[in-house]
Amino acid sequence: FDKIENGSQLLARSGAVSVVLTALTCDQTAGIVLPLKMLRRKGPDFGVTPAMSVRTISDTGTIIAPLMPWNINALIIIGITGIGAVSYAPYAVLCAIAPLVHLVYLKLRPVKMEP
């Protein structure tokens, strides 16, 4: 995170960290808390508001959690409905495309520093 040049890069990298942490752990808590702490510390230097930080994490690490069969969200869904993550994944299109849409959004509307 030392070579970040603008707010959009900071948000994109924080989103990537959120996805990786959510994928590596069995719960998305680490994928929420750790990136938000980084964004809270570095965000103001790049014009990133708290609302932008929260949206980034919700559009990346949080929303993909049910697609990972080892994640607690998927385990709860299988326990309640009896349907595994692999079975409902084709119907969870929003979970799969939201991180990509967020990256496109960052490209089309880059974060600008407020004067």
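For (1) open to solvent by 80 Å² or more (accessible area, probe 1.4 Å); (2) farther than 19 Å from residue 73 by Cα, each residue gets a yes or a no:
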{"residue": "10", "(1), (2)": "no, yes"}
{"residue": "13", "(1), (2)": "yes, yes"}
{"residue": "18", "(1), (2)": "no, no"}
{"residue": "21", "(1), (2)": "no, no"}
{"residue": "31", "(1), (2)": "no, no"}
{"residue": "37", "(1), (2)": "yes, yes"}
{"residue": "41", "(1), (2)": "yes, yes"}
{"residue": "53", "(1), (2)": "no, yes"}
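Starting from residues that are of a type outside the set (Val, Ile, Thr) and touching a Gly at 6+ places or on another chain (Cβ under 9 Å), keep the ones in segment 31-44 and report whichever is nearest to residue 5 (Cα to Cα). Spell out how you get there, then give the answer.
We begin by selecting, within segment 31-44, every residue of a type outside the set (Val, Ile, Thr); these are 31, 34-44.
From the residues that got through so far, the ones that are touching a Gly at 6+ places or on another chain (Cβ under 9 Å) too are 31, 35, 43.
Values: 31: 23, 35: 18, 43: 12 Å.
Once the filter is applied, the top-ranked residue is 43.
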- Message: I'd like to check something: does segment 76-84 contain any residue that is surrounded by 10 or more Cβ atoms within 10 Å (Cβ to Cβ) and under 16 Å from the mean Cα position of the chain (by Cα)?
- Response: no
| query | among the basic types (Lys, Arg) and either in contact (Cβ under 8 Å) with a residue 24 or more places away in the chain or in contact with a strand residue (DSSP E or B) (Cβ under 8 Å, 6 or more places away or on another chain) (or both) - does that describe any residue in segment 36-45? | reply | yes
Of the residues in segment 85-113, those that are open to solvent by less than 60 Å² (accessible area, probe 1.4 Å) and assigned to a loop (DSSP other than H, G, I, E, B) come to 92, 111
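The values are calculated or read from the model by the stated rules, or taken from the named source; none is laboratory data. Since the model is a prediction, treat every value here as computed from it, not as a measurement. Counting neighbours? That spans all protein chains shown, and the Cβs are built from the backbone with ideal geometry, glycine included. We work out accessible area using only protein heavy atoms, side chains counted, and drop any ligands, DNA or RNA first. Shrake-Rupley method; radii C 1.70, N 1.55, O 1.52, S 1.80 Å.
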